[in-house]
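Shown next, in structure tokens, is the structure this report addresses.
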Amino acid sequence: LYGLLLLLKPLKGSVIGWRQEIFRSWARSFVRISGFKVSTVGEIPKAPFFLVSNHLGYIDIPIVRSQVETLFVSKNEVAAWPIAGRIVGDMGTIFIDRRNHRDIPRAGEKILSALSRGEGVMVFPEGTSGSGTDLLPINSSFFEFPAVNGIPVIVMALVCWMVSGNVMPAPPRASSML
């Protein structure tokens, strides 16, 4: 599927649709093969939207993407990962240099561009993954971009149920949950 995206890349008009389909298929396959059971509470947002959530770990990406058509904002170190970095970038990920506050306007423009194309954008405002029992400090740098452009900001909480049936971690309060 990824090879098909590379072949279609010169045809700019169709790349977004193909990218969304390839990313969705990969995420759903990953979730199914991994044996995860994903359920949602609340409405799945329709693009364009700006989605924010707690971040439990890298597994959040395929789980969220299997349910919601969205691009992700990620630390720029991911772009340098061999093979995966290129694929993640081709899936529309917006990279940010978290150590350089001057990179925020550039990334913000990319977020606004994606939103203006009718795509959803997801940010983990904690800036890193945590245990999920508590929220880490929120980096609010990106909240200005959708706010000044009238784009809905949707809050989501990721919750993980263990095989034992225990909820781990406890969810923070949020207007909608995935």
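The values are calculated or read from the model by the stated rules, or taken from the named source; none is laboratory data. Values in this document were obtained by computation on a predicted structure and should not be read as measured data. Heads up, the Cβs are rebuilt from the backbone with ideal geometry, glycines too, and the neighbour counts pull from every protein chain shown. What goes into the accessible areas is simple: the full protein's heavy atoms, side chains included, and nothing from ligands, DNA or RNA. Shrake-Rupley method; radii C 1.70, N 1.55, O 1.52, S 1.80 Å.
Values as computed for the structure displayed
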read-out	value
Spans of helices (runs of 4 or more DSSP H) in the stretch 1-102 with at least 3 residues at pLDDT 90 or above and in contact with a Gly (Cβ under 7 Å, 6 or more places away or on another chain)	none
Near pairs, Cβ below 8 angstrom, 6+ apart or cross-chain, from the stretch 70-89 (free of Cβ contacts under 8 Å to residues at least 24 places away in the same chain and hydroxyl-bearing (Ser, Thr, Tyr)) to any residue that is assigned to a helix (DSSP H, G or I) and buried (at least 17 other Cβ atoms within 10 Å of the Cβ)	Ser74/Val88
Hits in the stretch 134-149 - residues which are open to solvent by 70 Å² or more (accessible area, probe 1.4 Å) and at pLDDT below 80	Asp134, Leu135, Pro137, Ile138, Asn139, Ser140
Candidate set from the stretch 90-123 (those that are among the basic types (Lys, Arg) and free of Cβ contacts under 8 Å to residues at least 60 places away in the same chain); member that is most open to solvent (accessible area, probe 1.4 Å)	Arg102
